[in-house]
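Report on the following structure.
The values are calculated or read from the model by the stated rules, or taken from the named source; none is laboratory data. Here the structure is a predicted model, which means the values were calculated and not measured. Every residue, glycine among them, receives a Cβ derived from its backbone with ideal geometry; neighbour counts consider all protein chains shown. Calculation scope for accessible area: heavy atoms of the full protein, side chains included, ligands and nucleic acids excluded. Shrake-Rupley method; radii C 1.70, N 1.55, O 1.52, S 1.80 Å.
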Amino acid sequence: MSDAATEMPHADPADETLMQVDDLKVHFPVTEGLLNRQVGSIKAVDGVSFSLRRGETFSLVGESGCGKSTTALAALRMQPVTAGRILFEGVDITHYSQAQMRPIRRRMQMVYQDPFGSLNPRMRVRDIIGEPLVVHGLAGDKVKYKARVRELMALVGLLPDMADRYPHEFSGGQRQRIGIARSLALDPSLLICDEPVSALDVSIQAQVVNLMMDLQEQLGLTYLFIAHDLSVVRHISNRVAVMYLGRIVEIADRDPLFDTPRHPYTEALLAAVPVANPVIEASRPQQIVTGEVPSVRNPPSGCHFHPRCPKVMPECKTETPALRPRDDGRLIACHLYD
Ligand code: SF4
């Protein structure tokens, strides 16, 4: 193994930016015929840029198929990148080999959506949680290993004495806690949370979200959070990026984004979420968007949102709006603000 693969990259704690993603593209070839001739490409992620500040929760939201999960997987280098640049802790990892990525992976871990499917039913909880330590050669002796697993279980609110049990002996919420404990085993700085509570009962969701917020504070974690449930996003996020057909259309701090969305798609997305308070609900602007989400295989020209946008202008059909900083500090990709 090369030196680059064994050395941990230098992380400067004074550097506020943990990850920087520039103009990221993930395109999948569309092939045809016996010879698999490439006849086009699906632009699942098409020029996405964002940065993650240390200790924050940055959420990616948007309708299913908008490219949120592909963006996150590509940022983790778990998905081939077509173009763009990814910096993690100041190091350009865009073209790192799998061997070079190995020590980096310790610092960036995934929390999966499905606490049922992501845990091996034949493994004891101790070995599920401790497996990353073994894989990375950090398990130490038996005593150390057991102590670390007990520590991780206690950290996520599980009784350490349950370490010899199997996943089916736990509830859905407990299984997600097991998944979180496993993701913390290597002491990461970044957790990519892909719909981490959407498979759980609503009553359990709040407990898991609150646990994640506590752990963030305690361990100084940064979260890249992917969710379609906007109430969960509002609860946990510091900043939010809204995606539509492979592009980010708006990035803003949480409260301004939810209180005064500015991109027409953000307005539409939020308008679709009912508000419990009838007074607020009645006073909200109703930005109803018509039409189906177009296929990412054949997205509309110019601004991808133009066929559904109630504020569409002639240039929207031909010119792609750039994601630019606006007067209030947020980033918006829309000709209305050019
Ligand atoms: Fe609507 Fe045009 Fe803005 Fe796109 S660029 S969101 S079509 S106004």
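Which stretch or stretches of the stretch 73-91 have amide N atoms under 17 Å from the point lying 7 Å from ASP23's Cα along the Cα→Cβ direction?
Flagged as within label range: 81-87.
Packing-wise, with mean Cβ within 10 Å as the measure, how do 205-213, 62-70 rank, highest first?
Per-residue mean Cβ counts within 10 Å order the peptides as 62-70, 205-213.
Which value in nm describes the separation of the simple spin-label points at ARG326 and ILE42, placed 7 Å from the Cα toward the beta carbon?
3.1
Starting from the 7 Å offset along Cα-to-Cβ, what nm value, one decimal, do you get for the label separation of ASP92 and ARG122?
Inter-label distance under the simple model: 4.5 nm.
Does the stretch 40-157 come out rounded, prolate or oblate, given a ≥ b ≥ c as the square roots of the eigenvalues of its C-alpha gyration tensor, rounded meaning a/c under 1.5 and, failing that, prolate meaning a/b above b/c?
prolate
How much accessible area does TYR112 have with a 1.4 Å probe, in Å² rounded to the nearest 10?
Approximately 110 Å² for this residue.
Across the chain, how many lysine pairs separated by 8 or more positions, or lying on different chains, have Cα atoms within less than 26 Å?
Details: LYS25/LYS43; LYS25/LYS68; LYS25/LYS317; LYS43/LYS68; LYS43/LYS311; LYS43/LYS317; LYS68/LYS311; LYS68/LYS317.
Lysine pairs satisfying the spacing and distance rule in the chain number 8.
Could you size up the charge dipole of the chain around its Cα centre, putting +1 on the beta carbon of Lys and Arg and -1 on that of Asp and Glu, and report it in debye to the nearest 20?
For the chain, the charge dipole is close to 740 debye.
Any chance you could run the full-extension gain for SER295 through VAL273? It's 0.36 nm times the residue separation minus the Cα-Cα distance, nm to one decimal.
Contour length minus the Cα-Cα distance gives 5.6 nm.
Which number do you get for Rg(Cα) / (2.2 N^0.38 Å) in the stretch 33-89?
Taking the Cα Rg and dividing by 2.2 N^0.38 Å, one obtains 1.40.
Relative contact order of the chain, please, whole-number percent, based on alpha carbon pairs below 8 angstrom and at least 6 residues apart. Could you put the intermediate results ahead of the total?
Details: 610 pairs, mean separation 64.5, N = 338.
Contact order relative to length: 19 percent.
Can you give the extra length, in nm with one decimal, that the chain gains between GLU169 and VAL30 once fully stretched, where that is 0.36 nm per residue apart less the Cα-Cα distance?
Numbers: separation 139, 0.36 × 139 = 50.04 nm, distance 4.39 nm.
Stretched out fully, the GLU169 to VAL30 stretch lengthens by 45.6 nm.
Tell me the carbon and sulfur percent of the accessible area for the chain, rounded to whole percent, probe radius 1.4 Å.
Here carbon and sulfur together make up 51 percent of the probe-accessible area.
Over the Cα atoms of the stretch 26-65, what is the Rg over Rh ratio if Rh follows Kirkwood?
Reported Rg/Rh, Kirkwood definition of Rh: 1.22.
Does the stretch 223-268 come out rounded, prolate or oblate by the C-alpha gyration tensor, with a ≥ b ≥ c the root eigenvalues, rounded set by a/c under 1.5 and, if not, prolate when a/b is larger than b/c and oblate if not?
Values: a/c = 1.63, a/b = 1.17, b/c = 1.39.
Oblate shape, in that a/c is at least 1.5 and b/c is the bigger or equal ratio.
Where does the stretch 127-205 land on Rg(C-alpha)/(2.2 N^0.38 Å)?
This ratio for the stretch 127-205 stands at 1.11.
Contact order normalised by length for the stretch 134-281, with contacts defined as Cα pairs under 8 Å and 6 or more residues apart; what percent is it?
Numbers: 124 pairs, mean separation 21.4, N = 148.
Worked out over the stretch 134-281, it gives 14 percent.
Radius of gyration and Dmax for the chain's Cα atoms, expressed in Å?
Gyration radius and largest Cα-Cα distance of the chain: 21.4, 69 Å.
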